[in-house]
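See structure below.
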Amino acid sequence: MNFLLGCAVWAYKGWIGEFYPPKSPAGELLHLYSQRLRTVEGNTTFYAIPSSETIAQWKSQMSPGFQFCPKLPRSLTHNGVLKPN
């Protein structure tokens, strides 16, 4: 069994200067994150389904082999759409 280590976010500004190099621009944080860890949970997908352009931009910033674990949108998880069997 393989496990991937990751965090719930990649754009936490408090990591700049420690986890990320000082003065790292926000637009480079996913790329920098993907060089250190192999996966990330995508919290943004919980609040809104991203455009295909946004997904393509994220993909272009990820290192080879990096895996993105998106949250299901809250419209599915909190509005009664998903029901137990």
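The values are calculated or read from the model by the stated rules, or taken from the named source; none is laboratory data. Quick caveat, the model's predicted, so the values are computed rather than measured. Methodologically, a virtual Cβ is constructed for each residue, glycine included, from the backbone with ideal geometry; neighbour enumeration extends over all protein chains shown. Side chains are part of the model used for accessible areas, which takes the heavy atoms of the whole protein and leaves out ligands, DNA and RNA. Shrake-Rupley method; radii C 1.70, N 1.55, O 1.52, S 1.80 Å.
Against the numbered list (1) surrounded by 12 or more Cβ atoms within 10 Å (Cβ to Cβ); (2) assigned to a helix (DSSP H, G or I), Leu72 comes up short only at (2).
Selection over the range 5-21 of residues that are of a type in the set (Ser, Thr, Tyr) and either open to solvent by 50 Å² or more (accessible area, probe 1.4 Å) or at pLDDT below 95 (or both) gives a count of 1.
One line per residue, one yes/no per condition, for (1) open to solvent by 40 Å² or more (accessible area, probe 1.4 Å); (2) part of a loop (DSSP other than H, G, I, E, B); (3) touching a Lys or Arg at 6+ places or on another chain (Cβ under 9 Å):
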| site | (1), (2), (3) |
| --- | --- |
| Phe3 | yes, yes, no |
| Lys23 | yes, yes, no |
| Glu28 | yes, no, no |
| Leu32 | no, no, no |
| Glu41 | yes, no, yes |
| Thr54 | yes, no, no |
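The C-beta contact set for the range 43-57 (first residue over 16 Å from Val9 (Cβ atoms), second residue outside any loop (DSSP other than H, G, I, E, B) and at pLDDT below 90, distance under 8 angstrom, 6+ apart or interchain) is empty.
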